[in-house]
Ligand code: NAP
């Protein structure tokens, strides 16, 4: 039986208008022939605790969460997955028999996007730019699957102390040229987890000379998917590095979320293709 039949799904956030989750999830629900609508619900910052008791009354089978609710949801769940507990953030909530089950699919989604490109995380020395929520999920997942060394390069390395305390393979460094050169020269994967270069943010890296320290053919990954090719990826490509944008992570975290909602495994290739058909025209459109 389809457990989503007659149910709705949604994404909550504030702001929420820009969220691509409805496009992605509806594309998959339609491809699966499931009679289920996926909506956007604006839940004001700081008010998710008051909203939660109303969720079941809305006919929801589950929901995704984006900024600023991911951390606030943690203490409100009846159960937490190991990843949600580890990242202290929830991006997927399943409502089942009156219980709220919290998951986080960001780290696993990122890992699957690497695997799609044939990149194994195990044994890698990874440099991560940024220490926010996305970096946290990516770094902790990479550590969990056996990356050899992960260095978080950020403006205030003391902010990453919580991350470095989690595992002996996680280190922090500042963003001075000397420090980034030292980290990048030993790295065999570079990940940008800052919003620098993202559409609508208005700021980008001042220059890309730091890429000169990266050994040739080391993959460069940007978690940003809008634009599909950031200046960082363009510059890395020009220097001969394989590149990867954040689209794979975005889609894989969504597939994993729908697997939780529907309580079954999905064909990731078929889901990806259904999503791409609807998403690419939106992402390729000039802003
Ligand atoms: P966040 O929590 O706000 O963290 C942003 C991080 O970037 C912080 O460490 C911040 O440093 C740093 N940063 C911001 N501006 C900077 C600058 N000018 N110079 C140096 N560092 C700077 O954001 P997030 O949720 O982690 O998201 C980060 C990026 O990942 C965004 O571009 C987002 O679109 C992307 N993302 C993609 C996916 C996907 O599925 N592909 C999923 C989640 C996020 P401070 O702490 O010092 O401010």
Practice task
Considering only the stretch 225-244, state which residues are away from the ligand (no atom under 14 Å from the Cβ) and assigned to a helix (DSSP H, G or I).
Solution key: 234, 235, 236, 237, 238
Completion exercise
Sole miss for residue 169 among (1) more than 10 Å from the ligand (Cβ to nearest atom); (2) within 26 Å of residue 197 (Cα to Cα); (3) at pLDDT 95 or above is condition (2)
Handout entry: Set 62, 57: member being under 22 Å from the mean Cα position of the chain (by Cα) and not in a loop (DSSP other than H, G, I, E, B)
Key = 62
Exercise for the section: Of the numbered conditions (1) within 16 Å of the ligand (Cβ to nearest atom); (2) in a helix (DSSP H, G or I); (3) modelled with pLDDT of 95 or more, residue 182 fails exactly one; give the number of that condition. Expected result: (1)
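Which of the residues belonging to the stretch 245-273 are within 14 Å of the ligand (Cβ to nearest atom) and either within 13 Å of residue 32 (Cβ to Cβ) or assigned to a helix (DSSP H, G or I) (or both)?
Residues of the stretch 245-273 within 14 Å of the ligand (Cβ to nearest atom): 245-257, 272.
Within the stretch 245-273, 247, 248, 249, 250, 251, 252, 253, 254, 255, 256, 257, 272 meet the criteria.
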Handout entry: Given (1) outside any strand (DSSP E or B); (2) buried (at least 19 other Cβ atoms within 10 Å of the Cβ), index of the condition residue 190 fails
Key = (1)
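Scan the stretch 204-224 for residues that are within 15 Å of the ligand (Cβ to nearest atom) and part of a loop (DSSP other than H, G, I, E, B) and report the count. Before you say what the answer is, go through the steps one by one.
Filtering the stretch 204-224 down to residues within 15 Å of the ligand (Cβ to nearest atom) leaves 204-208, 210, 220-224.
Keeping just the survivors that are part of a loop (DSSP other than H, G, I, E, B) gives 204-208, 223-224.
Result for the stretch 204-224: 7.
Within the group 112, 85, which residue is within 14 Å of the ligand (Cβ to nearest atom) and either in a helix (DSSP H, G or I) or without any contact (Cβ under 8 Å) to a residue 24 or more places away in the chain (or both)? Steps first, please.
Values: 85 fails: within 14 Å of the ligand (Cβ to nearest atom).
Answer to the selection: 112.
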Exercise for the section: Output the residue which, of all residues in the stretch 116-141 that are surrounded by fewer than 21 Cβ atoms within 10 Å (Cβ to Cβ) and on the phi > 0 side of the Ramachandran plot, is farthest from the ligand (Cβ to nearest atom). Expected result: 123
Exercise for the section: Of the numbered conditions (1) under 14 Å from residue 102 (Cβ atoms); (2) surrounded by fewer than 16 Cβ atoms within 10 Å (Cβ to Cβ); (3) in contact with a helix residue (DSSP H, G or I) (Cβ under 9 Å, 6 or more places away or on another chain), residue 67 fails exactly one; give the number of that condition. Expected result: (1)
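The values are calculated or read from the model by the stated rules, or taken from the named source; none is laboratory data. This is a predicted model, so every value here is computed, not measured. Glycine gets a Cβ as well: all are built from the backbone with ideal geometry, and neighbour counts include every protein chain shown.
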